[in-house]
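Read the structure below first, then the notes.
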């Protein structure tokens, strides 16, 4: 695959930022990894990072390039800092950047498919929340969405906001206001269009502090009458688990010739 670190200017953020990009490449002589690229613009996965990381982390901690290469899949990994993929009360407009500006720039910069049936989103922890918020807000844009150890209970941040490492996290994002329904993935399940909802995947380690929130999220998904594939396996909030989860998710993506999630 081709690996690019793309530096560009964001009007939504009012600053220069970066994204890490993997693009399919047809290879015949590469040792240890098969590369595939078709004649049509490739399908694309938006892969979102967690709270303490950046756009490079998925490549540094997992084998996502090796897993994506034989699928002919482009992977877009944007940088959003500690924004929780929201337009912050005191900070940047990261939700506008993610949901509006980024897809337009990706289509402008790279030859990738913009068809909903070829577009997927996934993320870990904070990025798992971001992936679900994006997919539930604009379900017509995606064929599948996944959260791995997702911080899906965003409203719970208010009672847990006094993190020793970042005591003003909640205030920077939401100010002194409660979490709006448009930012709450639990609330976004209410009234979602069943005919447009992407295939959903929720994974979390059973020893993760976020396991109860993820189990509750799955309960609400099912209560809303939606299908979801789950992967609750032994593990904590760590990269060994997430490497397995991204591989499992890629293995069941509804790519051409596949049935999709089970």
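For the reader, a short list of remarks on this structure follows.
- When all alpha carbon pairs of the chain are counted in 5 Å bins from zero, the resulting P(r) reads 1, 6, 14, 19, 20, 18, 13, 7, 2, 1, 0, 0 %.
- Size-normalised alpha-carbon gyration radius of the stretch 22-74, reference 2.2 N^0.38 Å: 1.24
- Per the Cα gyration tensor, the stretch 83-222 maps to an equivalent ellipsoid with semi-axes of 24, 19, 14 Å, ordered largest to smallest.
- Calculated [222 nm] ellipticity per residue, helices only, for the chain: -7000 deg cm²/dmol; basis is -39500 (n - 2.57) per DSSP H run with n ≥ 4, divided by all residues, nearest 500.
- Mean separation of Cα pairs under 8 Å and 6 or more residues apart, divided by the residue count, gives the chain a relative contact order of 16 percent.
- With respect to the chain, whose longest principal axis is taken over its alpha-carbon atoms, helix 126-137 is tilted by about 90°.
- Percent of beta bridges antiparallel (DSSP, the chain, rounded to nearest 5): 40
- When each of the peptides 199-211, 3-15, 80-92 is scored by how many other beta carbons lie within 10 Å of its residues on average, the order from highest to lowest is 199-211, 80-92, 3-15.
- Cα gyration tensor category, rounded, prolate or oblate, for the stretch 52-95 with a/c compared to 1.5: prolate
- Shape call, the stretch 190-262: gyration tensor on alpha carbons, a/c limit 1.5: oblate
- Overall form of the stretch 1-152: prolate. Here a/c, set by the Cα gyration tensor axes a ≥ b ≥ c, is 1.5 or more, and a/b is the larger of a/b and b/c.
We did not get these values from a lab; they are worked out from the coordinates using the rules stated. Computed from a prediction, not measured in an experiment: that's the story for all the values here. Reconstructed Cβ throughout: ideal geometry from the backbone, glycine too, with neighbour counts over all protein chains shown.
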